[in-house]
Amino acid sequence: MGSCANWFAALAVGLAWKGQPVFAIRKEFGFSASHVLDHLPADHPCSRMHGHNYTVVLELKAQESGLNEAGFVRDYRDLGEFKAWTDDTLDHRHLNDVIIDLNPSAEQLARWIFTTWREKLPELVAVSVSETPKTWAEFRPRVD
Ligand SMILES: Nc1nc2c(c(=O)[nH]1)N=C([C@H](O)[C@H](O)COP(=O)(O)OP(=O)(O)OP(=O)(O)O)CN2
Ligand SMILES: [Zn+2]
């Protein structure tokens, strides 16, 4: 599905679900990577190359009546493909070389992961990225 159609589908699902009870599941993943943030003052420490032990949380939702036969929104084990992708694509990489033409802030990384995975995981509604134990950025295209 093209990305435009994808966004319309997400919007339609969101409108149909408005006010309805939903289930949400989340699973956490980790990777270590370096980055340099552009467009910051020269004396900002994040304008120098540095690294983080990142945490990524995927959030998936289904309507109350939308659980599968096992009673799952989706089997957590299905997300093994995301873990393998994270290990191959992000772990021990320099993020500026992976996310070309985007400043790899936590916000932009969360949106990039969301758009990369939305088609494979239609139940995906939000991606959160943490660079340090105290900081979180979330991309959630629509809020119920
Ligand atoms: N809104 C954002 N602000 C910052 C981001 C970001 O992605 N989005 N990124 C950084 C740095 O990459 C890095 O995460 C440093 O964050 P900071 O909270 O300053 O980390 P520290 O450990 O140095 O902070 P303490 O205050 O010592 O806990 C910066 N900003
Ligand atoms: Zn950083």
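A compact table of results
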read-out	value
Inter-label distance for Arg142 and Asp78, nm, one decimal - labels placed 7 Å from Cα along Cα-to-Cβ	2.0 nm
Hits among aspartates and glutamates - C-alpha to C-alpha of Lys61 under 17 Å, sequence gap 8 or more where chains match	Glu28, Glu69, Asp75, Asp78, Glu119, Glu123, Glu138, Asp144
Lys/Arg +1, Asp/Glu -1 at C-beta; the range 3-139 dipole; positive extreme among Ser105, Thr89, Ala137	Ala137
Between helix 106-117 and the chain: long-axis angle, C-alpha atoms, 0 to 90°, nearest 10	50 degrees
GNM top mover of Lys18, Lys134, Lys61 - the chain, alpha-carbon springs below 10 Å	Lys134
Listed residues Val22, Val125, Val56, most fluctuating in the chain (Gaussian network, C-alpha, under 10 Å)	Val22
P(r), alpha carbons of the range 55-94 - 5 Å bins starting at zero, rounded %	6, 18, 24, 18, 14, 10, 7, 4, 1
With Cα atoms, 0 to 90° folded angle of helix 3-17 axis to the chain main axis	50 degrees
Gain on full stretching of the segment that runs from Asp97 to Ser32 - 0.36 nm per residue minus C-alpha separation	22.0 nm
Inter-probe distance in nm under a simple model that places probes 7 Å from Cα toward Cβ, at Asp43 and Thr132	1.8 nm
Mean projected area (nm²) of the alpha-carbon convex hull when the chain is viewed from all directions	9.8 nm²
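Throughout, read-outs are computed from the coordinates displayed, never taken from laboratory work. Predicted model only: the values in this text are computed from it and were never measured. Because the Cβ atoms are built from the backbone with ideal geometry, glycine has one as well, and the counts that use them run over all protein chains shown.
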